[in-house]
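J.: Would you mind keeping the following structure in view while I ask a few things?
The values are calculated or read from the model by the stated rules, or taken from the named source; none is laboratory data. Nothing here was measured: the structure is a model prediction, and the numbers come from that model. Virtual Cβ from ideal backbone geometry, glycine too; neighbours counted across all protein chains shown.
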Amino acid sequence: MNLNVNIPAINESFYTPNSAKQNEDKIKNFIRPKYGKYIDNVSSLTGVPSVLIEAFVFVESGGNERATSPFAVGLMQVSPATASDVLIKEKGAGRLTNEEAVLVKKYLGNRYSLIENVKPNQKSIGKTFITNSELLKPEFNLLVGSIFLKQLIDEFSSGGQVRLDKVISVYNGGRFSKSNKKIIPFKGTTKELLTQVPKETSNYILKLLGTQGILDTLV
């Protein structure tokens, strides 16, 4: 998957040069050694670049596989409801590969039948069947989080270019948040988009896409 994205995407910073160096050190000396094998495998399965997965892991959890928040858990901070819908949508779209299915089955066991029986173009079964305990498993969390990223990247790609600012907004705030209902059809620049989203999301975009941001540091 070639993201064809200019990095940095905006000439604004969230991190200082010193903080950017500390971020790089943590990713290279902690996140990569501990989770690199899983990240590289998930990257090869989904097509989402390893460096992008690392960036989301860093911002979402700092590499803490036990991280929890009111709505999500694990390395990429995925909620059970989102995970359930992501897998159903992927299967319904005919995009869940055999290799991905094997990995999902590894963690779901007999409950994989809920996914296996999904019909073409089905996007939900109206049921949350993924649990927090499964999402606290690093490999499974990375797979589901990366499949979600892949879906958003495809949705917000046009003419061979990806609106990563929109990908980040929806990943961070949820598809049905008030701000993202406006952001999804938004045609303006990244700088203009920053004024349309909550401060948390604006900071998230700068952390990944700004000068001295995670991707600017790593790419």
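J.: Look through segment 109-159, keep the residues that are of a type in the set (A, V, I, L, M), in contact with a Leu (Cβ under 7 Å, 6 or more places away or on another chain) and over 26 Å from Ala55 (Cβ atoms), and return whichever of them is surrounded by the most Cβ atoms within 10 Å (Cβ to Cβ).
T.: Ranking the candidates gives Ile115 first.
J.: Tell me whether segment 24-42 contains one or more residues that are in contact with a helix residue (DSSP H, G or I) (Cβ under 6 Å, 6 or more places away or on another chain), more than 17 Å from Gly62 (Cα to Cα) and modelled with pLDDT of 95 or more.
T.: yes
J.: Evaluate the following for Phe14: is it at pLDDT 95 or above, more than 15 Å from the chain's Cα centre (by Cα), hydrophobic (A, V, I, L, M, F, W, C) and not in a helix (DSSP H, G or I)?
T.: So Phe14 fits the description; yes.
J.: Which residues, counting only those in segment 160-208, are among the aromatic types (Phe, Trp, Tyr), more than 22 Å from Leu52 (Cα to Cα) and surrounded by 15 or more Cβ atoms within 10 Å (Cβ to Cβ)?
T.: Listed by number, the list holds a single entry, Phe186.
J.: What is the one condition in (1) over 15 Å from the mean Cα position of the chain (by Cα); (2) within 17 Å of Asn141 (Cβ to Cβ); (3) not in a helix (DSSP H, G or I) that Asn41 does not satisfy?
T.: (3)
J.: Let me ask you something else. Identify, from the list Ser146, Ser177, Ser113, the residue that is modelled with pLDDT under 95 and hydroxyl-bearing (Ser, Thr, Tyr).
T.: Ser177 is the lone residue from the list that is modelled with pLDDT under 95 and hydroxyl-bearing (Ser, Thr, Tyr).
J.: For the list (1) in a helix (DSSP H, G or I); (2) over 23 Å from Asn64 (Cβ atoms), I need the number of the one condition that Glu139 fails.
T.: Condition not satisfied by Glu139: (2).
J.: For the structure I just gave you, tell me whether Gly92 is surrounded by 13 or more Cβ atoms within 10 Å (Cβ to Cβ) and farther than 24 Å from Val51 by Cβ.
T.: yes
Okay, residues lined up against (1) in contact (Cβ under 8 Å) with a residue 12 or more places away in the chain; (2) out of contact with any Asp or Glu (no Cβ under 9 Å at 6 or more places or on another chain); (3) of a type outside the set (S, T, N, Q):
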position: Ala67; (1), (2), (3): no, no, yes
position: Glu100; (1), (2), (3): yes, no, yes
position: Tyr107; (1), (2), (3): yes, no, yes
position: Ser124; (1), (2), (3): yes, no, no
position: Glu134; (1), (2), (3): yes, yes, yes
position: Lys150; (1), (2), (3): yes, no, yes
position: Asp165; (1), (2), (3): yes, yes, yes
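J.: Please return the ranges of helices (runs of 4 or more DSSP H) entirely within segment 176-219 where 2 or more residues are among the hydrophobic types (A, V, I, L, M, F, W, C).
T.: So the answer is 190-194, 199-209, 214-218.
J.: Search segment 16-41 for residues being polar (S, T, N, Q) and surrounded by 15 or more Cβ atoms within 10 Å (Cβ to Cβ), and hand back the single one that is farthest from Thr211 (Cα to Cα).
T.: In the first step, residues of segment 16-41 are kept if they are polar (S, T, N, Q); the result is 16, 18-19, 22-23, 29, 41.
Subsequent filtering for residues that are surrounded by 15 or more Cβ atoms within 10 Å (Cβ to Cβ) retains 23, 41.
On the way: Asn23: 13, Asn41: 29 Å.
Filtering first and then ranking leaves Asn41.
J.: What helices (runs of 4 or more DSSP H) lie completely within segment 52-128 and have 3 or more residues being more than 15 Å from Gly145 (Cα to Cα)?
T.: Answer list for segment 52-128: 98-108, 113-116.
J.: From Ile27, Ile31, which residue is more than 24 Å from Asp154 (Cβ to Cβ), in contact with an Asp or Glu (Cβ under 8 Å, 6 or more places away or on another chain) and either without any contact (Cβ under 8 Å) to a residue 40 or more places away in the chain or not in a helix (DSSP H, G or I) (or both)?
T.: None of the others qualify; the one that does is Ile31.
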